[in-house]
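Structure first, then comments.
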Amino acid sequence: MKKIAFVLLLLVVTTITFAQNKNAKVSIEVDGVCLMCKERIEKAAIRAKGVKSAIWNVETHELKLIYDERKTNLKAIQQCIADVGHDTKEIKATDEAYNSVHPCCLYRDKDVQKDHKN
């Protein structure tokens, strides 16, 4: 009986250990309006421990990430992005962080959004 319990425990631990992906790929939506936003968002994501690639599309607001699930998680990456002033669907930037971005990058402002549509 002890051997069966040990084998089951070993199986569970092995499954949990190897279930984490060192090259997880995911896309998330991040608010922004311009190339300055792109640079800020990508730098914030790359600075998060375990992120290997971060590419944000200005038109679609899609951030494509490749990251090591053993070193970080999606919530931590989104928090790094919110800390530099950009909202994700899960985490909103604080007013202080949002107001710290360049005036051209104030994506919550309808007038700024209109200016960047053309």
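The DSSP beta bridges internal to the chain are antiparallel in roughly 100% of cases. Helices in the chain, meaning DSSP H runs of at least 4 residues, each add -39500 (n - 2.57). Divided by all residues, the mean residue ellipticity at 222 nm is -14000 deg cm²/dmol.
Return the tail of the calculated pair distribution for the stretch 18-118, meaning the percent of Cα-Cα pairs more than 19 Å apart.
38 percent
Here each label is just a point 7 Å from Cα along the line to Cβ, and for Cys34 and Lys75 those points are 3.4 nm apart. Per-peptide packing, taken as the mean over residues of other Cβ atoms within 10 Å, places 36-43, 47-54 in the sequence 36-43, 47-54 from highest down.
Every number in this text was worked out from the coordinates using simple rules, so none of it is lab data. These numbers were taken from a predicted model, which means no experiment stands behind them. Note that we place each Cβ from the backbone using ideal geometry, even for glycine, and neighbour counts take in every protein chain shown.
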